[in-house]
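Each value in this text was obtained by applying a stated rule to the coordinates, not by laboratory testing. All figures in this text were calculated on a predicted structure; none of them were measured in a lab. Every residue, glycine among them, receives a Cβ derived from its backbone with ideal geometry; neighbour counts consider all protein chains shown.
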Number of protein chains: 4
Amino acid sequence: MDDRSLSDQPISTGLQEPSDLQLTDKQWNILDAALAVFTEKGFSAATTSEIARQAGVSEGTIFRHFKTKKDILLAMLVPLIRNTMGPKSVNSLTQMIVKNENLPLREVLLMIALERQEFLTDNQALLRLILTEAQYHPELREVIIGEVAYKSQEQLIRLIEQRQQKGEIRQDLPAWVLVRSFFGMVVVYMLSRVMLTKREAGKDNREEILKIIDLFLNGAAMEK
Amino acid sequence: MDDRSLSDQPISTGLQEPSDLQLTDKQWNILDAALAVFTEKGFSAATTSEIARQAGVSEGTIFRHFKTKKDILLAMLVPLIRNTMGPKSVNSLTQMIVKNENLPLREVLLMIALERQEFLTDNQALLRLILTEAQYHPELREVIIGEVAYKSQEQLIRLIEQRQQKGEIRQDLPAWVLVRSFFGMVVVYMLSRVMLTKREAGKDNREEILKIIDLFLNGAAMEK
Amino acid sequence: MDDRSLSDQPISTGLQEPSDLQLTDKQWNILDAALAVFTEKGFSAATTSEIARQAGVSEGTIFRHFKTKKDILLAMLVPLIRNTMGPKSVNSLTQMIVKNENLPLREVLLMIALERQEFLTDNQALLRLILTEAQYHPELREVIIGEVAYKSQEQLIRLIEQRQQKGEIRQDLPAWVLVRSFFGMVVVYMLSRVMLTKREAGKDNREEILKIIDLFLNGAAMEK
Amino acid sequence: MDDRSLSDQPISTGLQEPSDLQLTDKQWNILDAALAVFTEKGFSAATTSEIARQAGVSEGTIFRHFKTKKDILLAMLVPLIRNTMGPKSVNSLTQMIVKNENLPLREVLLMIALERQEFLTDNQALLRLILTEAQYHPELREVIIGEVAYKSQEQLIRLIEQRQQKGEIRQDLPAWVLVRSFFGMVVVYMLSRVMLTKREAGKDNREEILKIIDLFLNGAAMEK
DNA sequence: CATGAATGAGTGTTCATTCAT
DNA sequence: GATGAATGAACACTCATTCAT
């Protein structure tokens with residue numbers, strides 16, 4: 001599975017409908033090529049000529065549609081985040097939370113974790129690009145925080161508060177502490193899995209995730 | 001607070017003693033300037049001419065001391081990680097763990113978290129550079145994993161296993177799950193604090209960290 | 001007489017028809033300038049910036065057409081040798097030999113010598129460049145030997161063997177000894193003429209060449 | 001046999017006696033290294049730092065003794081030619097001519113050719129350097145012509161005229177035509193031997209040279 | 001006198017951007 | 001609108017030459 005092509009990536013479906021964003025076929029070709037080249041080399045080491053070649057257009061054409069190289073990056077990433085990655089993340093969270101209001105929290109957290117894991121695996125290269133370039137392009141940083149981080153956190157906070165009201169969850173800790181902690185536990189586990197191991201991606205790690213959820217719910221201390 | 005200059009950064013103290021690494025004053029100047037420029041622009045977008053200007057030397061001088069631009073990066077980062085960042089992290093962990101064997105775990109975890117927080121705050125820009133460039137330079141990746149990540153994790157695992165034997169900590173979860181989870185909770189909290197807020201760095205957040213530790217030890221679930 | 005510009009040089013007529021070699025005007029300009037600069041300074045001391053200036057193009061343009069400086073040299077010299085210098089030499093020899101089968105050898109040798117002299121005079125600077133750079137570029141060396149030296153020698157051997165069969169020429173010496181010797185006599189005479197004297201090129205030296213041919217045919221020894 | 005080191009080369013013996021030329025040990029080291037580097041890379045592609053390294057001195061020292069890189073070249077080549085190569089060539093010719101006044105010309109020419117061949121073989125790289133750089137440095141050109149070419153030719157002319165007076169050699173051709181022709185025959189034979197073949201240097205080619213001398217003396221034409 | 005670190009102009013080469021066609 | 005040749009400033013890197021020690 002090639003996670004470098006917008007057309008093959010789950011995340012890119014939003015862009016496949018050009019009318020959505022008033023993008024012509026040609027512009028879409030360019031952004032698709034840009035995604036591939038930027039993710040492989042990084043923004044700075046990528047060249048517009050390679051993007052042009054991969055897009056099957058001339059270099060001149062690129063600059064007819066996008067004023068600068070930076071514009072290509074932002075024109076590609078910002079809508080991707082705003083229209084696809086953000087909504088997709090938020091909606092899937094919302095649905096899982098709403099649909100499963102009566103499921104044990106443990107089950108819901110597992111679903112969320114597995115879904116996040118799939119997302120991270122499928123979009124590894126893209127996420128790496130986004131996080132790297134966010135350092136140098138504040139526009140990007142703001143979109144990520146505003147459209148993905150903040151909104152996702154909101155949904156998780158909703159979940160936690162829901163369960164706090166139900167009495168399933170401690171009420172003496174602010175919801176955001178619980179949310180960020182859970183997120184941190186899961187993400188660090190996933191990253192270490194991706195970075196440190198060569199285990200094939202398919203291997204089922206549901207058991208390991210369940211251990212983390214158990215830890216989150218019941219704590220590390222010996223039960224009194 | 002300028003966290004871009006080696007001379008102002010705690011982490012760089014190891015390098016400030018040139019004899020340690022056989023670095024001349026001039027070489028040190030260059031690496032100091034390189035840190036500033038690489039940190040600001042990233043490796044690829046940084047130019048040797050700007051490094052030269054900031055170091056107050058000619059461009060030729062840079063290449064008398066370092067064969068390529070990439071060599072500058074690695075000559076700066078690898079010793080920094082290997083000789084300073086790594087040992088510093090590992091030793092402070094080791095000491096805190098050994099010295100406080102009889103302190104409640106909660107206290108030890110607080111000390112560790114606060115110390116990590118200080119480290120992260122003081123070396124923010126440097127850490128960002130290291131993690132970004134680790135993507136493109138496997139040498140760097142290996143040093144980080146080998147000299148910092150792996151060794152630090154080992155110390156924390158020692159701590160957890162010590163407390164498991166004492167019966168303070170559950171024994172039905174592998175130590176590494178506990179370690180990575182705690183690490184994830186704390187780091188994501190700190191990162192969100194750094195990225196999302198404008199609160200001045202000085203503000204005491206001991207209370208918040210204690211909440212996270214409470215969560216880690218006692219879990220999110222309502223006590224039965 | 002400017003023997004440094006392709007456009008003024010007989011040898012370059014083949015290149016002046018760009019279609020022959022798929023060379024655009026601009027590429028031809030660059031190669032023309034390259035010939036001038038390489039000839040004047042030698043390959044190593046010539047700079048691409050001077051070639052650009054003389055070609056009336058920007059330095060970037062040069063590298064759009066030729067990947068490296070060495071490529072410029074070879075793109076200029078190899079076709080010149082292969083398509084122009086080589087065929088021209090070989091064909092004119094062949095024609096002189098075939099057309100004048102019944103002329104006395106003395107007359108044929110004179111024609112050949114005069115033609116070689118004209119060639120050498122017209123292409124002095126170019127020949128000097130080729131022979132100099134052949135030391136450092138084996139590709140060039142091979143082309144010269146294969147396309148000019150070997151093929152020209154073959155024609156002369158044909159002539160000699162033809163005359164040996166007719167009984168005009170001694171048969172107790174191998175043809176190649178006769179050929180290389182004649183060639184050596186003539187070339188050294190011409191080089192010394194070019195290098196050592198200030199006589200204008202136009203001066204008729206037919207008498208002197210005839211003496212050399214006489215020597216070649218009849219030997220230096222007093223007739224018995 | 002390393003023909004790149006002055007100390008191993010017949011030609012360099014003249015320079016081994018520093019007092020001859022007021023050269024200190026250090027200067028001699030530099031020139032020795034310069035010879036090696038210049039012959040390998042050519043003047044332009046050679047670097048002063050490599051010369052310094054091979055000479056075992058610092059780069060600064062080089063420029064204390066020789067104002068510019070070009071000065072090194074000329075300081076090395078000009079005395080080499082003037083004091084060693086020239087005299088050696090001329091003297092050996094003179095001796096062979098004077099000592100063997102009564103030997104058949106054929107024998108004398110053979111001795112001369114063999115001696116020239118040895119010289120050329122022993123000093124191949126040096127000769128290539130000299131001829132190449134003579135193009136760009138008129139000082140060099142003048143020394144070669146004045147100290148070697150002209151003086152050597154004079155000796156050969158003396159030989160020829162001696163034999164003309166004895167009635168061994170035709171008197172209807174100017175001596176210089178005979179000399180240059182003989183020289184051309186022999187040199188082109190030797191060059192083609194060096195350039196075109198891989199036969200080991202040691203192989204005896206006395207027979208082939210004798211054929212050339214036979215040709216020179218008796219001519220190519222069938223004897224009437 | 002010797003050193004070698006420092007220099008800075010210059011090298012071949014790249015690349016984002018422009019613009020005539 | 002699309003092209004791709006042309007640009008020229010910038011790039012990483014080199015090297016003959018200088019000069020403080």
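The amide H of A:I169, built 1.01 Å from its N in the peptide plane, has A:Q164, B:M222 as neighbours under 5 Å, considering only residues 5 or more places off or on other chains.
State whether segment A:84-219 is rounded, prolate or oblate according to the following rule on the C-alpha gyration tensor (a ≥ b ≥ c being the square roots of its eigenvalues): a/c under 1.5 gives rounded; otherwise a/b larger than b/c gives prolate, and the remaining case gives oblate. Since a/c reaches 1.5 but b/c is at least a/b, the shape of segment A:84-219 is classed as oblate. When only the Cβ of Lys, Arg, Asp and Glu is charged (+1, +1, -1, -1), the dipole of segment B:99-216 relative to its Cα centre reaches about 260 debye.
Hydropathy first: keep DSSP H helices in chain A averaging at least -0.5 on Kyte-Doolittle, then drop any whose Cα extent along the axis falls short of 30 Å, and list what survives. In chain A, the long hydrophobic H runs are A:175-196.
Please work out the Cα center distance from segment A:30-47 to segment C:148-193, rounded to the nearest Å. Rounded to whole Å, the Cα centres lie 64 Å apart. In plain terms, the residue of B:D71, B:D32 with the fewest other Cβ atoms within 10 Å comes first and the most crowded comes last, giving B:D71, B:D32. Nearest beta carbon of chain D to the D-to-A rotation axis, with distance in whole angstrom: D:A45, 15. Note on chain D: GNM, Cα springs under 10 Å; of D:V143, D:V179, D:V194, the largest mean-square fluctuation is that of D:V194.
Hey, which of these cross-link pairs are over 32 Å Cα-Cα: C:K67/D:K69; A:K26/C:K67; A:K88/A:K211; A:K26/B:K67; C:K41/D:K151?
Values: C:K67/D:K69 30 Å; A:K26/C:K67 30 Å; A:K88/A:K211 27 Å; A:K26/B:K67 43 Å; C:K41/D:K151 30 Å.
Over 32 Å Cα-Cα: A:K26/B:K67.
Charge tally around D:L131: other residues with Cβ under 12 Å, Lys/Arg +1 each, Asp/Glu -1 each, net +2.
When only Cα pairs under 8 Å and 6 or more residues apart are kept, what is the percent relative contact order across chain B?
Value for chain B: 21 percent.
With the label put 7 angstrom out from Cα along the Cα-to-Cβ vector, A:P138 ends up 3.9, 5.9, 6.5 nm from the copy partners, going from closest to farthest. Label-point spacing at D:S58 relative to the other copies reads 1.6, 4.4, 5.8 nm, in ascending order, each point sitting 7 Å out from Cα along Cα→Cβ.
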